[in-house]
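S.K.: Here's a structure for you.
The values are calculated or read from the model by the stated rules, or taken from the named source; none is laboratory data. Because the structure is a prediction, the values reported are computed rather than measured. Ideal geometry is used to build each Cβ from the backbone, glycine not excepted, and the neighbour counts take in all protein chains shown. Heads up: the accessible areas ignore ligands, DNA and RNA and are worked out on the full protein's heavy atoms, side chains in. Shrake-Rupley method; radii C 1.70, N 1.55, O 1.52, S 1.80 Å.
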Amino acid sequence: MKIAIIGYGKMGKMIEQIAIGRGHDIVSIIDTDNQQDFDSEAFASADVAIEFTNPTAAYGNYLKAFAKGVKVVSGSTGWMKDHGDDVRRMCAEEGKTLFWASNFSVGVAIFSAVNRYLAKIMNGFPQYSVSMEETHHVHKLDAPSGTAITLAEEIIDNLDRKDKWVKGTLTAPDGTLTGTDRCADDEIAINSIRRGEVPGIHTVKYDSEADCITITHNAHSRKGFALGAVLAAEYTKDHSGLLTISDMFKF
């Protein structure tokens, strides 16, 4: 398969390594200093472009790829609020293809399935209060993480007593604590921690007077995310529309 890479940071380099290891050809690599390559024959020849950039660049990158007839796999977060409706329309009505996920890790996909199932069970046990915490490296700009938001929204979809998520506390790299984890009964607070080079830890906790039930996903490295993105590209090559992890993994 021919793959283009958009965004050549740590994730982009790891995606390149894994894709080549799985027998794919990298036909184009686009970063901030060679945006003109979106107009190249090499980029247009790609079956799929894998995009990991930032919220301000992602939507524009989708449009440039779609204009060349290239399908996109993207892990960029933060663009959905302003551009989600437009992307959904392009995929539904104009034949464009975007596979988007806040997290491509196979382990997170499994964790997500457990999260949804546990939330359903907890409808029968109102004595348990639910809270969330996510920890990431100091370079991560957004808080809460896109993965934490996705997990919270899954809880909201399956746990009748919760209607929305809210930002909880933020522990900065220097230990400074801001915000509060207090919230209304129908809300879930997501607490965030930024320290070191942590690839990502997500924890969902159900607490009661009697006991506490906790599920956690702890990423050892970015390799799981990169592998998942390449697996998504392999899936996207033969599928179309607005796709996500639940399309690829039928849990």
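S.K.: Looking only at the range 10-21, decide whether some residue is under 17 Å from SER102 (Cα atoms) and in contact with a strand residue (DSSP E or B) (Cβ under 6 Å, 6 or more places away or on another chain).
M.R.: Looking for residues that are under 17 Å from SER102 (Cα atoms) and in contact with a strand residue (DSSP E or B) (Cβ under 6 Å, 6 or more places away or on another chain), one finds at least one in the range 10-21, hence yes.
S.K.: Quick check: anything in the range 206-218 modelled with pLDDT under 95 and not in a loop (DSSP other than H, G, I, E, B)? Before you say what the answer is, go through the steps one by one.
M.R.: Step one: list which residues in the range 206-218 are modelled with pLDDT under 95, which gives none.
The answer is no; no qualifying residue exists.
S.K.: Taking the criterion of being over 27 Å from GLY9 (Cβ atoms), surrounded by fewer than 16 Cβ atoms within 10 Å (Cβ to Cβ) and touching a Leu at 6+ places or on another chain (Cβ under 7 Å), would at least one residue in the range 181-203 satisfy it?
M.R.: no
S.K.: Going by the structure shown, is ILE121 farther than 24 Å from ASN54 by Cα, β-branched (Val, Ile, Thr), in contact with an Asp or Glu (Cβ under 8 Å, 6 or more places away or on another chain) and assigned to a helix (DSSP H, G or I)? Lay out the reasoning, then the answer.
M.R.: Values: farther than 24 Å from ASN54 by Cα: yes; β-branched (Val, Ile, Thr): yes; in contact with an Asp or Glu (Cβ under 8 Å, 6 or more places away or on another chain): no; assigned to a helix (DSSP H, G or I): yes.
No; evaluated as a whole, the condition is false for this residue.
S.K.: Could you tell me which of the residues THR53, THR77 is outside any helix (DSSP H, G or I), at pLDDT below 95, of a type outside the set (D, E, K, R) and open to solvent by less than 50 Å² (accessible area, probe 1.4 Å)?
M.R.: Numbers: THR53 fails: open to solvent by less than 50 Å² (accessible area, probe 1.4 Å).
After applying the criteria, what remains is THR77.
S.K.: Does any residue of the range 32-43 turn out to be among the acidic types (Asp, Glu) and touching a helix residue (DSSP H, G or I) at 6+ places or on another chain (Cβ under 8 Å)?
M.R.: Taking the range 32-43 first, the residues among the acidic types (Asp, Glu) are 33, 37, 39, 41.
When the remaining residues are screened for being touching a helix residue (DSSP H, G or I) at 6+ places or on another chain (Cβ under 8 Å), the result is 37.
There is at least one residue in the range 32-43 that is among the acidic types (Asp, Glu) and touching a helix residue (DSSP H, G or I) at 6+ places or on another chain (Cβ under 8 Å).
S.K.: Determine whether PHE104 is open to solvent by less than 50 Å² (accessible area, probe 1.4 Å), touching a helix residue (DSSP H, G or I) at 6+ places or on another chain (Cβ under 7 Å) and either in a loop (DSSP other than H, G, I, E, B) or farther than 26 Å from GLY200 by Cα (or both).
M.R.: On the way: open to solvent by less than 50 Å² (accessible area, probe 1.4 Å): yes; touching a helix residue (DSSP H, G or I) at 6+ places or on another chain (Cβ under 7 Å): yes; either in a loop (DSSP other than H, G, I, E, B) or farther than 26 Å from GLY200 by Cα (or both): yes.
For PHE104, the condition - open to solvent by less than 50 Å² (accessible area, probe 1.4 Å), touching a helix residue (DSSP H, G or I) at 6+ places or on another chain (Cβ under 7 Å) and either in a loop (DSSP other than H, G, I, E, B) or farther than 26 Å from GLY200 by Cα (or both) - is met.
S.K.: OK, next. When you check ILE30 against the structure, is it modelled with pLDDT of 95 or more and within 22 Å of ASP238 (Cβ to Cβ), yes or no? Write out each step before concluding.
M.R.: Working: modelled with pLDDT of 95 or more: yes; within 22 Å of ASP238 (Cβ to Cβ): no.
Spelling it out, it is not the case that ILE30 is modelled with pLDDT of 95 or more and within 22 Å of ASP238 (Cβ to Cβ).
S.K.: For the range 162-179, check the following and say yes or no: at least one residue is open to solvent by less than 30 Å² (accessible area, probe 1.4 Å), in a loop (DSSP other than H, G, I, E, B) and in contact with an Asp or Glu (Cβ under 7 Å, 6 or more places away or on another chain).
M.R.: Checking the range 162-179: at least one residue is open to solvent by less than 30 Å² (accessible area, probe 1.4 Å), in a loop (DSSP other than H, G, I, E, B) and in contact with an Asp or Glu (Cβ under 7 Å, 6 or more places away or on another chain).
S.K.: Ok, one more. What tally of residues in the range 230-242 results from selecting those that are part of a helix (DSSP H, G or I) and either over 14 Å from LYS2 (Cα atoms) or not small (Gly, Ala, Ser) (or both)? Let's see the steps before the verdict.
M.R.: To start, the set of residues in the range 230-242 that are part of a helix (DSSP H, G or I) comprises 230-236.
Add one more test, that the residue is either over 14 Å from LYS2 (Cα atoms) or not small (Gly, Ala, Ser) (or both), and what stays is 230-231, 234-236.
Selection size over the range 230-242: 5.
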